[in-house]
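The values are calculated or read from the model by the stated rules, or taken from the named source; none is laboratory data. Nothing here was measured: the structure is a model prediction, and the numbers come from that model. With ideal geometry, Cβ positions are generated from the backbone for all residues, glycine too; neighbour counts draw on all protein chains shown.
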Amino acid sequence: MALKIYNTLARSKQLLQPIEPNKIRLYVCGMTVYDYCHLGHARVLVAFDVVTRYLRARGYEVDYVRNITDVDDKIIDRARSNGEAFFALTARFIAAMHEDEARLGVLPPDQEPRATAHMDDIIAMVQTLVDKGYAYVAANGDVYYSVEKFSRYGALSGKKPDELLAGARIETGDIKRDHRDFALWKAAREDEVHWRSPWGPGRPGWHIECSAMSKSCLGAHFDIHGGGPDLPFPHHENEIAQSEAANGCQFVNYWMHAGAVRVDGEKMSKSLGNFFTIREILTEYHPEVVRYLLISSHYRSAINYSLETLQTARGALQRLYTALRGIDAVEIPGLAALEEENGFTRRFVAAMDDDFNTPLALSVLFELVRELNLARSEGEELKTRDLARTLKGLGAVLGLLQQDPEDFLKAGGSDALGDADIEVLLAQREQAKRDKDYQRADEIRNQLKDQGVLLEDSREGTLWKRS
RNA sequence: GGCGCGGUGGCAGAGUGGUUAUGCAGCGGACUGCAACUCCGUGUACGCCGGUUCGAUUCCGACCCGCGCCUCCA
């Protein structure tokens, strides 16, 4: 009955102890919207979707905030090179992101603040930092955070402030006082998108928007802050420095970071140019297959993306769906109710309680499936139904098994042959079988197989799926 | 160079001081007209070298290899 979370700040698993009983305030760094989401984004999206689904299933009230950073140098650059209006570009990619996450079965966050809608909060926090002496206004109108003023700097990423200093070149020019200092506010250049501020027209630096938005949405101190693998430094380190200096209290209790998605052993990233967009992958694979792939390894470990791993994920999901095939829709009870029913759920919960160990949780599902198949073949209808309810219930906690089994199994693969064409051939094969013309029946089966359609004869008739 | 993570059976991927992970693939069997699905059985897996221990893949130390962050990136 104890949920443990790996806390990046502590470098160990810790018991989850909410600030307010049974309530979790969670903030996750979302996208900077200047391009389509890639698989790396999908991993963070799905990881924290599972976290929120599980926390809720465990009875916590979760206030899930995931921001959108819609003002940033990269957006400005992209808009310029596209010859596209700044706000048209961000609107376009925000819409695309919403489409992508919906298709992946990612539930929307409770709040989705945008930097451009929180400009007052941002400016107020920068002002506070200036007033408290943690920030200074440079000659050109930029405002910088003075890292040397924050003694705990580096705690999250394990860096020592003076070591960061030691590695510095003396090429900072005359704008920053210290090369470690980072921009809270950037003065606008000619005809750039900008907002009015006490320091002149400009825009926020990269990190301040998350400090301001998290405070606005969740308060100065909240439970969990999450993000991708490349965010501990500098982004989250800087958030801590800003928030704790401005608010005078601890910022976050638990820091969670997802692992990287790799391609050919290298990190998938925009700067390496080796990324696959979600929409690109979804043209070939069912969204739940992608989701399964992302959940089939622990959220903190690196995951390797390839056609082979996707294909394996598909095969595994097919096994789960095959078990549910032909079982009438069942209402899904809550996790607590399921826990009383069977040991599978208890093992599932134990796995998830241990820092969201989804691979282990999935292994429980497969053991359940074996028992389900056994019960079914022995005609134990009640048991079969109960196990199916559990399977669907546990799947739902992971955001899996949400499709109709027939639909899932018949989807994907090559669509050279339409469903209607297949049905026609199946009818012909049935006739051939009745006529004991097995040669003809096998011929049809092989023909379908060549086109990616696999048949399964059963007492109730012939089932099919796409391979 | 600094900080950190990891090397598990053909592949993917959990975990544990002594006992079956799990999935895919393979092999044998049952079922089947034959298949498929399903079920049963089946794999001398834990980078290398030392140490601790009755016993280590699991703890400790050294080493080798891979990766991440340290600059924009989820």
What tally of residues in the stretch A:34-72 results from selecting those that are touching a Ser or Thr at 6+ places or on another chain (Cβ under 9 Å) and of a type in the set (Val, Ile, Thr)?
6
Of those in the stretch A:17-44 that are among the aliphatic types (A, V, I, L, M) and more than 22 Å from residue A:86 (Cα to Cα), the residue farthest from RNA strand B (Cβ to nearest atom) is A:19
Within the stretch A:208-223, can one find any residue that is out of contact with any Pro (no Cβ under 6 Å at 6 or more places or on another chain), acidic (Asp, Glu), within 14 Å of RNA strand B (Cβ to nearest atom) and part of a loop (DSSP other than H, G, I, E, B)?
no
Quick one: in the stretch A:1-44, which of the residues that are free of Cβ contacts under 8 Å to residues at least 24 places away in the same chain and part of a strand (DSSP E or B) is farthest from the chain's Cα centre (by Cα)?
A:20
Give the stretch A:333-357 a look and list any residue that's modelled with pLDDT under 90 and either acidic (Asp, Glu) or buried (at least 18 other Cβ atoms within 10 Å of the Cβ) (or both), or say none.
A:338, A:339, A:340, A:341
Hey, can you tell me all the residues within the stretch A:236-288 that are within 12 Å of RNA strand B (Cβ to nearest atom), touching a Gly at 6+ places or on another chain (Cβ under 9 Å) and assigned to a helix (DSSP H, G or I)?
A:236, A:237, A:238
The residue from A:374, A:382, A:398 that alone is assigned by TED's automatic domain parsing to the domain that holds residue A:329, away from RNA strand B (no atom under 14 Å from the Cβ) and not basic (Lys, Arg) is A:382
Restricting to the stretch A:179-191, give me the number of residues that are crowded, with 16+ Cβ neighbours inside 10 Å and assigned to a loop (DSSP other than H, G, I, E, B).
4
Quick one: is residue A:397 hydrophobic (A, V, I, L, M, F, W, C) and either touching a strand residue (DSSP E or B) at 6+ places or on another chain (Cβ under 8 Å) or loosely packed, with under 13 Cβ neighbours inside 10 Å (or both)?
no
Search the stretch A:101-113 for residues being of a type in the set (Asp, Glu) and surrounded by fewer than 22 Cβ atoms within 10 Å (Cβ to Cβ), and hand back the single one that is nearest to residue A:74 (Cα to Cα).
A:112
Can you confirm whether the stretch A:146-164 contains a residue that is in a helix (DSSP H, G or I), touching a residue at least 60 places away in the same chain (Cβ under 8 Å) and touching a Pro at 6+ places or on another chain (Cβ under 8 Å)?
yes
Reported set for the stretch A:358-378 where residues are buried (at least 18 other Cβ atoms within 10 Å of the Cβ) and under 24 Å from residue A:10 (Cα atoms) is A:358
Scanning the stretch A:276-291 residue by residue, the ones that are closer than 15 Å to residue A:304 by Cβ and either within 14 Å of the chain's Cα centre (by Cα) or modelled with pLDDT under 90 (or both) total 1
Test residue A:245 against the criterion of being over 25 Å from residue A:304 (Cα atoms), at pLDDT 95 or above, of a type in the set (Gly, Ala, Ser) and surrounded by fewer than 22 Cβ atoms within 10 Å (Cβ to Cβ), and give yes or no.
no
Going by what's in this entry, would residue A:366 be described as within 26 Å of the chain's Cα centre (by Cα), within 8 Å of RNA strand B (Cβ to nearest atom) and either within 27 Å of residue A:407 (Cβ to Cβ) or assigned by TED's automatic domain parsing to the domain that holds residue A:8 (or both)?
yes
Given A:223, A:162, which one is among the acidic types (Asp, Glu) and at pLDDT below 95?
A:162
Could you please tell me which pairs satisfy a Cβ distance under 8 Å, a separation of 6+ or placement on different chains, a first residue in the stretch A:86-104 that is of a type in the set (Phe, Trp, Tyr), and a second residue that is buried (at least 20 other Cβ atoms within 10 Å of the Cβ)?
A:86/A:75; A:93/A:31; A:93/A:33; A:93/A:34
Do you know which residues across the stretch A:34-87 are farther than 25 Å from residue A:394 by Cβ, of a type in the set (D, E, K, R), surrounded by fewer than 22 Cβ atoms within 10 Å (Cβ to Cβ) and out of contact with any Phe, Trp or Tyr (no Cβ under 6 Å at 6 or more places or on another chain)?
A:35, A:72, A:73, A:77, A:80, A:84
For the stretch A:317-351, how many residues meet the condition of being more than 10 Å from RNA strand B (Cβ to nearest atom), part of a loop (DSSP other than H, G, I, E, B) and of a type outside the set (Gly, Ala, Ser)?
7
Evaluate the following for residue A:314: is it closer than 24 Å to residue A:36 by Cβ, within 10 Å of RNA strand B (Cβ to nearest atom) and in a helix (DSSP H, G or I)?
yes
Is it true that residue A:47 is over 18 Å from the mean Cα position of the chain (by Cα) and of a type in the set (Gly, Ala, Ser)?
no
Consider residue A:415 carefully, then state whether it is surrounded by fewer than 18 Cβ atoms within 10 Å (Cβ to Cβ), away from RNA strand B (no atom under 12 Å from the Cβ), under 22 Å from residue A:283 (Cβ atoms) and modelled with pLDDT under 95.
yes
